[in-house]
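Everything on this sheet refers to the single structure shown next.
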Amino acid sequence: CEGIVWPWVLGLLVVLTVGCLPLLQSRCRAFGSSRAAASLLVVGVMIGQGVTCIQALEAIRQLEIAWIEPLESWLSFLSLLSFDLEIIGLSCYVSSQVGSMYLCALLSFPIFVFSTWVVFRLGSAVASQIWQSGSTPDTGNLWNIHLLLLVSLYTGLSLMVFMPFECRGNPAGIATLVLHPQVICGDYDHNMLLLLAVVGVLVYPLAIFAALVRITWKYPTWLSSSKGIETLQQFRIIFGKFKPERFYYCLLITGSNLVIAIIPVVLLPLPVIQVSAMCCVLWLKQVALCFLWPWKDEIANWTDLLLSGGLLLLLNLAAPLMNLSHQTHSLGILMVVVAVSLPVVLCCGAIFYLACRLLNSGSYAAFLSHHKGSSGVLCRHLKLVMKKVNPRANVFYDADNLVDLTDLFQIIQSDVKCMVVVLSPGLFGSPWCTGEICTAFAGDVPIVVVAADGYTAPDYDEVNMIVSNWPDLHRHTLVNYGFDEEIVKTAFAYLHRVQVFDLSRSQSLETQESTALKVATAAFRLPEQVASPPSPTSGRGVCVLVCGGSPATSHEAVSACLILQMQLQVRLRVPTIFIQKAPEVTAAGGAACLVVVLTKGLLEDPDFGGIIMAKPNLKRLVLSDGTFAFPRAYFKRIADSPPSGCQEQADIDDFVVTAAFQSLCMHIALLWTPQGSEGLMIQQLNQICHRIGDVESTMLTDAGESPKSDRIGLEHSFASSRSTPGDRGLVRDGREDRPPELMEKPPFRGKDTAEDAEREEMVSVRF
């Protein structure tokens, strides 16, 4: 007892480190930066993987294997992580009875959590006195560290609580505990241990796993609402370390760790089955890792692969150390099962593949018929909403699913269960859209009709004139597929006799989302769809703002921005809103990034100038949808008129307005084309999310901001793009600071001079 000191010193260091780490992240700039936070998270994940691997070694140590030295001593030393408190000499300070030691093991993790919380509170009080700050550091970081430790130590906690259930007979005919042979199973001491074990199982393995199941189940729902995003922030350590599409992997890891802890208990009388089951679990875990590749950081995937592979290799090497004198029959049965299963698995895979290819692999729950130019982006938005209503539904969108144009009408005839026709300008002028509608009408395919912006229903005479006004090439195309003029007129007339869903992108975002949900419900023939929580529209907890679309300039741009808002919120796991007015920027005081989507006619929208001027110092990311054209003839008019969203700043001169637009020229725009294929959209989203980075660590507040400081920052940014390094000093002119060269030269206003025209051409090329 006198020599066992180092475990206590190590435990004290761990408590101090865990309690002080959140303080370092909030007070120390080196630890609080986004790069440092991301690096610490990766290191924490790797440490958690190592801890989980060591606890799996403890489960393997309890198998019926005759371990040899020095491996047996090394495994015994690592048993500390499975809450074996005898290794630290706890019996020197408390009763050496097994019941007392077991109770201390059950209370060890709560005591650790309480100790770190006390250290955190004391450290916060000392830090507030040193830095003379009355603010208290956020306890969210400490909470996430505790969650990481709880998930990492799950195997050890499970092994600890299952210990009283491991009873094994001895030659004397008496059953005793495996780890404590002095305790006879069935006597009073063992019954007390069983009572504590039942409480421990309910508190640790079952409660933790049930809570994790509920959190994972609610994750997609929480991700679509602002309040749900705030809830997910409390569990970001569980989901944030995995890729967005692999958010469920933590549940898979926890489930496999629970099975690893149960195997030594349930299969104790069957050593061969015990080792075989452990091999199967480790093998399945490794297969899932290779198939999903879930970790967000590449190094974490490789370390997990190496650790799981090392465990499997160790178990295979230890298999010859088993005593198989009475287990040869069971081993032979297992080997026969494995040998027979190989061709069976091959045949089942081939049958499954053929069944998927020949039966239902090509069926589509809905087909989106639309005019690409006027409603292509809108249909992408509708498809995303449909996938949210029914994730398993296969929705046909031409950019994603159409390979050969000649197969289009055959797909509608044989593989489509419902057609969604989006009425928009130009639809009736397209022979392919007309053929889609006629094919669905002739084949009795259910049709759901959506009327988009700018569409006006034709009267009877206009319907009769539609085909007559077509070029000969269009008419011949339809005739070749068996559609005459009467079928076309009848199909068009039918579209205006069914229920039509009006989806106007001039309406509020909530109304658009509600209409899209009704369309999805009607297409899938579901009961009245309960509206999902609307996307956040305002609030100080918003982290990312998206702007660039306005019904006054382009309806498709509104849909493009809505799609971007939905996808960024899912991938970044932070509240994201689509803004159209300057006051919305001011209301989102916690915004960390402004994503600007350059669309057709964007700079003609006066509200866009107000958005840019509302927070000039906000981090920006510039995108382009491919339709943006740099303004030439009307740029002077835009610069001369102050933005409507900043009427309270009536004294803003032409220089500041011009600088607001020219500041966008300093960014290299990324492409954002949601009307393209899904694979291309995913690649673009990956680039956008990578460019945005960690928005949580750069969240801004309104404290200390003022219109003057914003204007000075904007003017200085504009001046830096025009002045040389030697003349960037500021001269006071009575109102604010201005660069010296702008005191002598009016701001850029279009093609007033040859030099200005050349500069405009250069900026246009940059876009």
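The values are calculated or read from the model by the stated rules, or taken from the named source; none is laboratory data. Model, not experiment: these values are computed from the prediction. Neighbour counts are summed over all protein chains in view; Cβ atoms, including those assigned to glycine, are modelled from backbone coordinates with ideal geometry. When the accessible area is computed, the model is the full protein with side chains, heavy atoms only, and any ligands, DNA or RNA have been set aside. Shrake-Rupley method; radii C 1.70, N 1.55, O 1.52, S 1.80 Å.
Among the residues of segment 80-89, is any modelled with pLDDT of 85 or more and hydrophobic (A, V, I, L, M, F, W, C)? Within segment 80-89, not a single residue is modelled with pLDDT of 85 or more and hydrophobic (A, V, I, L, M, F, W, C).
Yes or no, residue by residue, for (1) under 26 Å from the mean Cα position of the chain (by Cα); (2) at pLDDT below 90; (3) within 17 Å of L159 (Cα to Cα):
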| residue | (1), (2), (3) |
| --- | --- |
| G255 | yes, no, yes |
| I260 | no, no, yes |
| V281 | no, no, yes |
| P294 | yes, no, no |
| A300 | yes, no, no |
| L305 | yes, no, no |
| G310 | no, no, no |
| A318 | no, yes, no |
| L324 | no, yes, no |
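Here is a yes/no grid of residues against (1) among the aliphatic types (A, V, I, L, M); (2) open to solvent by 10 Å² or more (accessible area, probe 1.4 Å):
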site	(1), (2)
Q129	no, yes
I145	yes, yes
L157	yes, no
C167	no, yes
D187	no, yes
N191	no, yes
G200	no, no
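Identify, please: which residue in segment 114-127 is open to solvent by 80 Å² or more (accessible area, probe 1.4 Å) and touching a Gly at 6+ places or on another chain (Cβ under 9 Å) and is, among those, modelled with the highest pLDDT? The selected residue is W117. Filter segment 574-612 down to the residues that are surrounded by fewer than 23 Cβ atoms within 10 Å (Cβ to Cβ), in contact (Cβ under 8 Å) with a residue 60 or more places away in the chain and assigned to a loop (DSSP other than H, G, I, E, B) and list them by number. Of everything in segment 574-612, those that are surrounded by fewer than 23 Cβ atoms within 10 Å (Cβ to Cβ), in contact (Cβ under 8 Å) with a residue 60 or more places away in the chain and assigned to a loop (DSSP other than H, G, I, E, B) turn out to be K581, G589, G590, A592. Of the residues making up segment 411-432, those that are part of a helix (DSSP H, G or I), open to solvent by 10 Å² or more (accessible area, probe 1.4 Å), of a type outside the set (G, A, S) and closer than 17 Å to A366 by Cβ are I411, Q413, D415.
The condition (being in contact (Cβ under 8 Å) with a residue 40 or more places away in the chain and either touching a Leu at 6+ places or on another chain (Cβ under 8 Å) or over 20 Å from T439 (Cβ atoms) (or both)) is satisfied by just one residue among L408, L368: L368.
Answer with yes or no whether L358 is surrounded by 15 or more Cβ atoms within 10 Å (Cβ to Cβ) and either farther than 30 Å from V445 by Cβ or more than 31 Å from the chain's Cα centre (by Cα) (or both). It is false that L358 is surrounded by 15 or more Cβ atoms within 10 Å (Cβ to Cβ) and either farther than 30 Å from V445 by Cβ or more than 31 Å from the chain's Cα centre (by Cα) (or both). I need the full set of residues from segment 224-274 which are in a loop (DSSP other than H, G, I, E, B) and basic (K, R), in order please. K241, K243 - these are the residues of segment 224-274 that are in a loop (DSSP other than H, G, I, E, B) and basic (K, R).
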